[in-house]
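Okay, structure first, notes after.
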Amino acid sequence: MKKIGIFFGTNTGNTKKVAKQIKKQFKKNKFKVKLYNISKSKKKDIESFNILIFGISTWYYGEVQFDWDNFLPYLKKIDFFNKKIAIFGCGDQEDYTEYFCDAMRIIYNIIKKNNGCIVGNWSIKNYNFKKSRSLINSKEFLGLVIDEDRQSHLTKKRVYNWSKSLLKYFNE
């Protein structure tokens, strides 16, 4: 049975809620999934998985969620070679339309620099924002983007579809 580690940081509970939904989808597909709050995680916890999902929210003007900010020095020391990684982010596309889910890019850059294979791009279709550093190209985010403030009614469907799309990478 393949193992997935889902690491998230949360202030309001939204990122944790999404992490639990993702866990549920992968358990249905016969994966062993463990959730970790990044505030209580260690470098060795991440290193013990070959399949990882990182969840991060963006605060204010593109800032990383506090617990992730504290963990970034440890993340920078991890070699992600031979690991498959997906990223999801929570943000507010209306109030922070020029910084929408920017924090995902910070995690992405660290993983790429440290030899990681990132999968799980997500379409920008049905979002309304001005700018995001988390765009991988003109039509896709670098991972799943969730807006619990403005589009919570779409979260379950987005999680389901994104998780389903990741199966082809995680089953290789």
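The values are calculated or read from the model by the stated rules, or taken from the named source; none is laboratory data. Quantities reported herein were computed from a predicted structural model and do not represent experimental measurements. In this analysis, Cβ positions are derived from the backbone assuming ideal geometry, glycine residues included, and neighbour counts consider all displayed protein chains. We work out accessible area using only protein heavy atoms, side chains counted, and drop any ligands, DNA or RNA first. Shrake-Rupley method; radii C 1.70, N 1.55, O 1.52, S 1.80 Å.
A few notes on this one:
- Solvent-accessible area of W122 with every protein chain in place, 1.4 Å probe, in Å² to the nearest 10: 40
- Note on the range 65-137: lysine pairs with Cα distance below 13 Å, sequence gap of 8 or more or different chains, count 6.
- Distant-in-sequence amide H partners of D92 (H built 1.01 Å from N, under 5 Å): C101
- The share of accessible area on the chain that comes from carbon and sulfur is 47 percent, using a 1.4 angstrom probe.
- Built amide H within the under 5 Å cut-off of G143, gap 5+: W122
- Residues with amide H under 5 Å from that of G9, placed H, sequence gap 5 or more: I38, G55, S57
- Rg(Cα)/(2.2 N^0.38 Å) for the chain, N = residue count: 0.93
- Net lengthening on full extension, F81/K32 (0.36 nm per residue, minus Cα-Cα): 15.5 nm
- Across the range 102-114, computed HN-Hα scalar couplings (Karplus, 6.51 cos²θ - 1.76 cosθ + 1.60, θ = phi - 60°) run 4, 4, 4, 5, 5, 5, 4, 4, 5, 5, 4, 4, 9 Hz from first to last residue, x flagging Gly and Pro.
- Global form of the range 1-95, assessed from the alpha-carbon gyration tensor, a/c cut-off 1.5: oblate
- Each label point was placed 7 Å from the Cα along the Cα-to-Cβ direction; for K139 and N109 their separation is 2.7 nm.
- Accessible surface area normalised per residue over the range 54-94 is 46 Å², counting heavy atoms of protein chains with a 1.4 Å rolling probe.
- For the range 71-172: rounded, prolate or oblate by the Cα gyration tensor [a/c cutoff 1.5]: oblate
- Phi-based couplings in Hz for the range 70-85 (Karplus 6.51, -1.76, 1.60; Gly and Pro marked x): 5, 8, 3, x, 6, 4, 5, 9, 8, 8, 8, 4, 6, 10, 9, 10
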